[in-house]
Amino acid sequence: MSCFLLVQTLETFLRNSGSWTRCAEELHLHVNSVRYRVQRIQDLTGRDLSRMEDRVDFFLALLV
């Protein structure tokens, strides 16, 4: 899976406050595809997107 798709998924997931359904709708994906991508992001980074601290870190990193 390309880095671009993972970054796009992360941005959309954060913009939708971690809502699987809204993120999937915006990306035109099945919710399980979003879950898979988010899990892949977590596996690659060692971060947990269910934690607010990690979400904030990702949000700030994407702004830079």
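The values are calculated or read from the model by the stated rules, or taken from the named source; none is laboratory data. Small disclaimer: the values here were computed from a predicted structure and weren't measured. What goes into the accessible areas is simple: the full protein's heavy atoms, side chains included, and nothing from ligands, DNA or RNA. Shrake-Rupley method; radii C 1.70, N 1.55, O 1.52, S 1.80 Å.
Matching residues to (1) within 12 Å of the chain's Cα centre (by Cα); (2) open to solvent by 50 Å² or more (accessible area, probe 1.4 Å); (3) hydrophobic (A, V, I, L, M, F, W, C):
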residue	(1), (2), (3)
Ser2	no, yes, no
Thr9	yes, no, no
Leu14	yes, no, yes
Gly18	yes, no, no
Cys23	yes, no, yes
Asp48	yes, yes, no
Arg51	no, yes, no
Asp54	yes, no, no
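Scanning segment 25-39 for residues that are within 9 Å of the chain's Cα centre (by Cα) and of a type outside the set (A, V, I, L, M, F, W, C) yields Arg35, Arg37, Gln39.
Every residue, every condition in (1) farther than 16 Å from Arg51 by Cα; (2) at pLDDT 95 or above; (3) small (Gly, Ala, Ser), yes or no:
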{"site": "Thr12", "(1), (2), (3)": "yes, yes, no"}
{"site": "Trp20", "(1), (2), (3)": "no, yes, no"}
{"site": "Ala24", "(1), (2), (3)": "yes, yes, yes"}
{"site": "Leu27", "(1), (2), (3)": "yes, yes, no"}
{"site": "Val31", "(1), (2), (3)": "yes, yes, no"}
{"site": "Tyr36", "(1), (2), (3)": "yes, yes, no"}
